[in-house]
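Trainee: Pasting in a structure now, in structure tokens, and then I'll have a few things to ask.
The values are calculated or read from the model by the stated rules, or taken from the named source; none is laboratory data. These numbers come from a predicted model, not from an experiment. With ideal geometry, Cβ positions are generated from the backbone for all residues, glycine too; neighbour counts draw on all protein chains shown. For accessibility, only protein heavy atoms count, side chains too; no ligands or nucleic acids. Shrake-Rupley method; radii C 1.70, N 1.55, O 1.52, S 1.80 Å.
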Amino acid sequence: MQSKEAVVEDGEITSSVTVADSEFDEWNNFGDDDIMQQQYTIQADEAKKIPFVGDKEALSSLAAEYKSGSPILLEKIKVLDEQYAAIRRTRGDGNCFFRSFMFSYLEHIMECQDQAEVDRVQPNVEKSRKALQTLGYADLTFEDFFALFLEQLECVIQGKETSISHEELVIRSRDQSISDYVVMFFRFVTSAEIQMRTEFFEPFILGLTNSTVEQFCKLSVEPMGEESDHVHITALSDALGIPIRVVYLDRSSCDTGGGVSVNHHDFMPAAGDLPTACCSSEKNIPFITLLYRPGHYDILYPK
Amino acid sequence: MQASKARLFKEYHEVQREKTVDPDIQLVCDESNIFKWTAFIKGPSETPYEGGVFQLAFSVPEQYPLQPPQVRFLTKIFHPNVHFKTGEICLDILKNAWSPAWTLQSVCRAIIALMAHPEPDSPLNCDSGNLLRSGDVRGYQSMARMYTRLAAMPKKG
């Protein structure tokens with residue numbers, strides 16, 4: 001990939017071709033495979049710094065991060081502090097939205113022993129499977145990811161042979177062979193939803209990139225490490241019928257007269273398919289709350 | 001490791017089934033190592049590669065299908081996106097656009113499509129890329145055809 005960029009620089013000067021060719025001999029020895037390997041090494045180094053899913057931390061750790069930061073952010077963190085008890089960080093590897101969603105969702109089902117939600121979501125998972133088949137995806141390309149997600153869904157309900165503890169849920173979320181597979185499951189579900197509702201998503205996608213819906217899914221949804229945007233969140237929330245609250249911590253000023261407020265947006269799937277908010281004190285408040293800072297998602301715990 | 005093996009076995013069975021469906025691709029798994037595959041693909045018609053059979057070597061990582069397979073041309077080919085010496089292929093789905101939705105079989109199809117539609121703006125073979133970028137389609141085609149005859153067709157006599 002390196003040689004590709006270098007070539008573009010003097011690509012128009014045909015006389016330099018032979019010179020360029022010999023200059024690139026060193027690059028030629030340094031192939032794309034090496035670059036990929038280097039990328040994997042960097043990812044492995046990053047992995048040592050923060051796990052896929054971190055430990056639950058008091059919200060004060062967020063304030064500590066911005067000690068000398070912008071006054072607006074500090075004000076907003078104070079507001080957050082009133083509403084939220086804790087934060088759980090995820091690794092910034094481009095999968096943070098899906099990873100946060102995964103943990104938050106499974107943890108919710110575990111803590112509330114929400115069998116009703118498990119029963120509710122399963123038909124939606126099957127709908128996604130059918131959608132992928134309709135779209136021409138071969139079963140073997142996605143079935144392992146579906147199976148692994150359904151397995152996790154079963155495991156978090158207690159009283160079975162396969163039941164797992166909260167500690168085990170954390171361990172699994174940090175285990176690449178499980179965590180990445182569940183993330184990939186969500187990517188498949190998201191991609192299927194977008195492609196099944198092309199007309200709805202097309203205008204949003206055209207606003208983000210200049211590609212077709214199919215290209216967008218192939219390049220920005222399905223590959224691991226591709227960051228998520230509103231389009232992804234909307235599609236996933238709709239496909240599984242799970243509301244998601246995203247709280248925005250950025251420098252935009254939201255002074256409403258009575259002081260700074262923090263924006264949030266609730267992604268609400270089509271009505272009639274809402275989970276009955278067991279655990280949550282009020283209906284229609286999403287049980288998944290994510291903190292968005294430009295380019296990254298973490299999990300928030302309401303008080 | 002187990003997951004990648006299980007997936008590759010599924011692909012293996014699929015390949016056995018599809019053999020008759022896609023006569024342009026012959027995908028063979030190494031008898032002793034499921035992570036090593038070889039493919040023979042037919043050069044697409046109405047291209048300078050027509051009539052040639054090109055051999056590809058697949059090396060599948062343990063993280064497959066989360067990570068892409070490494071694929072190289074073993075048969076010499078004159079193409080803007082294939083390294084002339086190493087056979088390395090510049091194709092986005094083998095790099096950052098990879099996803100588990102691809103299979104070894106569909107990668108072969110993508111490579112055949114790349115043979116028919118070279119991307120001269122991101123060349124691994126600069127000579128080939130420059131011929132196309134300067135508009136010398138005849139020059140590119142005759143070079144590509146010559147190498148197809150030399151390297152990808154059975155020797156006569």
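Trainee: Could you look at the stretch A:175-261 and say what percent of its accessible area is carbon and sulfur, using a 1.4 Å probe and all protein chains? Working shown, then result.
Mentor: Numbers: 1670 of 3440 Å².
C and S atoms contribute 48 percent here.
Trainee: Between B:Ile25, B:Ile34, B:Ile112, which gets the highest mean-square fluctuation from a Gaussian network model of chain B, Cα cutoff 10 Å?
Mentor: Among B:Ile25, B:Ile34, B:Ile112, the largest mean-square fluctuation in the Gaussian network model of chain B belongs to B:Ile34.
Trainee: Excluding ligands and nucleic acids, what accessible area in Å² is computed for A:Cys155 using a 1.4 Å probe, to the nearest 10?
Mentor: In the full protein context, A:Cys155 sits at about 10 Å².
Trainee: Okay, next question. Suppose only helical runs count, i.e. DSSP H with n ≥ 4. What mean residue ellipticity at 222 nm does that imply for the protein assembly as shown under -39500 (n - 2.57) per run, divided by all residues and rounded to the nearest 500 deg cm²/dmol? Don't skip to the answer; put the middle values down first.
Mentor: Working: 18 runs with 220 residues, N = 460.
That comes out to -15000 deg cm²/dmol.
Trainee: Which value in nm describes the separation of the simple spin-label points at A:Thr41 and B:Ser59, placed 7 Å from the Cα toward the beta carbon?
Mentor: So the two model labels end up 1.5 nm from each other.
Trainee: Go through the stretch A:72-85 residue by residue and turn each phi into a ³J(HN,Hα) via Karplus (6.51, -1.76, 1.60, θ = phi - 60°); whole Hz please, and just put x for glycine and proline.
Mentor: Residue by residue, the stretch A:72-85 yields 4, 4, 4, 4, 5, 5, 4, 4, 4, 4, 6, 9, 10, 8 Hz.
Trainee: Can you give the FRET efficiency for A:Lys130 and A:Asn263, using 1/(1 + (r/R0)^6), R0 = 35 Å, r = Cβ-Cβ distance, to the nearest 0.05? Please list the in-between numbers first.
Mentor: Values: r = 36 Å, r/R0 = 1.04.
Computed FRET efficiency for A:Lys130 and A:Asn263 comes out at 0.45.
Trainee: For A:Ser211, tell me the accessible area in Å² from a 1.4 Å probe, rounded to the nearest 10.
Mentor: 20 Å²
Trainee: On the protein heavy atoms, probe 1.4 angstrom, tell me the percent of accessible surface of chain B carried by carbon and sulfur. Spell out each step's value before the answer.
Mentor: Details: 3940 of 7550 Å².
For chain B, the apolar C and S fraction of the accessible surface comes to 52 percent.
Trainee: Which residue fluctuates most in the GNM of chain B (Cα springs below 10 Å): B:Glu31, B:Glu14, B:Glu50?
Mentor: Of the options given, B:Glu31 has the highest mean-square fluctuation.
Trainee: Quick one: with all protein chains in place, what share of the accessible area of the stretch A:111-173 is carbon or sulfur, to the nearest percent (1.4 Å probe)?
Mentor: Working: 1550 of 2940 Å².
About 53 percent, which is the carbon plus sulfur part of the accessible surface.
Trainee: Continuing with this model, one more query. Just to verify a number: what accessible area does B:Tyr64 come out at with the full protein assembly present, 1.4 Å probe, Å² rounded to tens?
Mentor: We get 0 Å² for B:Tyr64.
Trainee: How high is the relative contact order of the stretch A:175-236? Use alpha-carbon pairs under 8 Å, at least six apart in sequence, and give a whole percent. Kindly include the intermediate steps, with their values, before the conclusion.
Mentor: Numbers: 44 pairs, mean separation 24.1, N = 62.
This gives 39 percent for the stretch A:175-236.
Trainee: How big is the B/A interface in buried accessible area, both sides summed, 1.4 Å probe, to the nearest 100 Å²?
Mentor: Values: alone 8950 and 15800 Å², together 21950 Å².
That pair of chains buries around 2800 Å² in total.
Trainee: Are any of the pairs A:Lys48/B:Lys10; A:Lys48/A:Lys160; A:Lys130/A:Lys218; A:Lys78/A:Lys303; B:Lys5/B:Lys95; A:Lys127/B:Lys36 more than 25 Å apart by Cα-Cα distance, and if so, which?
Mentor: Numbers: A:Lys48/B:Lys10 33 Å; A:Lys48/A:Lys160 34 Å; A:Lys130/A:Lys218 18 Å; A:Lys78/A:Lys303 14 Å; B:Lys5/B:Lys95 21 Å; A:Lys127/B:Lys36 35 Å.
Correct reply: A:Lys48/B:Lys10; A:Lys48/A:Lys160; A:Lys127/B:Lys36.
Trainee: If you count only protein heavy atoms with a 1.4 Å probe, what accessible area per residue comes out for chain B, rounded to a whole Å²?
Mentor: On the way: 7550 Å² over 157 residues.
Heavy-atom SASA per residue in chain B reads 48 Å².
Trainee: Would you mind getting me the FRET efficiency between A:Ile285 and A:Ser163? Use the beta-carbon distance for r and R0 = 30 Å, nearest 0.05. Please list the in-between numbers first.
Mentor: Details: r = 28 Å, r/R0 = 0.93.
Efficiency for this residue pair is about 0.60.
Trainee: Which sequence of B:Ser32, A:Ser220, B:Ser45 reflects their accessible areas, 1.4 Å probe, from the largest down?
Mentor: B:Ser32, B:Ser45, A:Ser220
Trainee: Using a 1.4 angstrom probe on the protein heavy atoms only, line up B:Tyr49, A:Tyr248 by accessible area, largest first. Present the calculation step by step, with values, prior to reporting the outcome.
Mentor: On the way: B:Tyr49 0, A:Tyr248 35 Å².
Descending order: A:Tyr248, B:Tyr49.
Trainee: How much length is gained if the chain between A:Glu202 and A:Ser68 is pulled fully straight, taking 0.36 nm per residue apart and subtracting their Cα-Cα distance, in nm to one decimal?
Mentor: Extra length from A:Glu202 to A:Ser68 when fully extended: 44.1 nm.
Trainee: When the solvent-accessible surface of protein heavy atoms is calculated with a 1.4 angstrom probe, in what order do B:Leu150, A:Leu106 fall, highest first? Spell out each step's value before the answer.
Mentor: Details: B:Leu150 105, A:Leu106 5 Å².
Greatest to least solvent exposure: B:Leu150, A:Leu106.
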